[in-house]
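Written below as structure tokens is the structure these notes are about.
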Amino acid sequence: MDEIAAEAGITKPILYSHFGDKAGLIQALASRVAGQVNQAVTEALARSGEPSEIVASTIEAFCTFIEREPELYRFLVQTARHESDVAGPRLMSDIGGQIAVALGSGLRKAGADSGAAEPWAFAIVGMIFSGAGWWLERRSMSKEDLVGYLSQLLWTGLSGAGLGRLEGWDESAWPDTGTDRLRIMAVPDHPRPGPAERPPRPAVGDE
């Protein structure tokens, strides 16, 4: 606390008057870092674009923050492991909740089952935290490569779950008919013809 007060250019009593004790200071700093990470992810999720682009930009926003503030990120993770009331767990809960809302909305728009949106969202948060933490310690690839690999893995799963139907989808081109729109999106644009619908194969030599 003496070193912190000296660095801030204030007396220790003033520091204690604001934070109470060392635990209070840790809580305040963790909350501030969590807020910065949360804001970066929130802004990425709010951007317009293809679903695959939003996935990549959200992962990139998180990785950019920990690249810029590695010590703050390590502090947040370490304190979260040892203190149950710091902002780390709440940060994961906040980000997971935001992703769950965005994911559930996208799945419903695509006419897919949105029941798994919340557990998938929290699994996504765990993957990104773990992958980014590994990269922060190893630095065996560029941040761009890391974002690309994580995005590829995540989008492969989400696309297969139904979000791939929204790629290239112009919402303004569809009438606002609620359930009818979802039913249309759930059916492929060009279903494969059955045997009776297929044209006969030309005889050998025919042009």
*Residues being in contact with a Gly (Cβ under 9 Å, 6 or more places away or on another chain) and modelled with pLDDT of 80 or more: count how many of those fall in segment 58-91.*
5
*asked:* Here is a check on your reading of the model: is residue 183 farther than 26 Å from residue 97 by Cβ, at pLDDT 85 or above and over 21 Å from the mean Cα position of the chain (by Cα)?
replied: no
*asked:* Being in a loop (DSSP other than H, G, I, E, B) and touching a residue at least 24 places away in the same chain (Cβ under 8 Å) is the filter here; which residues of segment 23-63 pass it?
replied: 50
*Within segment 142-152, can you find the residues that are surrounded by 12 or more Cβ atoms within 10 Å (Cβ to Cβ) and out of contact with any Phe, Trp or Tyr (no Cβ under 7 Å at 6 or more places or on another chain)?*
143, 147, 148, 149, 150, 151, 152
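The values are calculated or read from the model by the stated rules, or taken from the named source; none is laboratory data. Just so you know, these numbers come straight off a predicted model, no measurement behind them. Backbone-built Cβ (ideal geometry, glycine too); neighbour counts: all protein chains shown.
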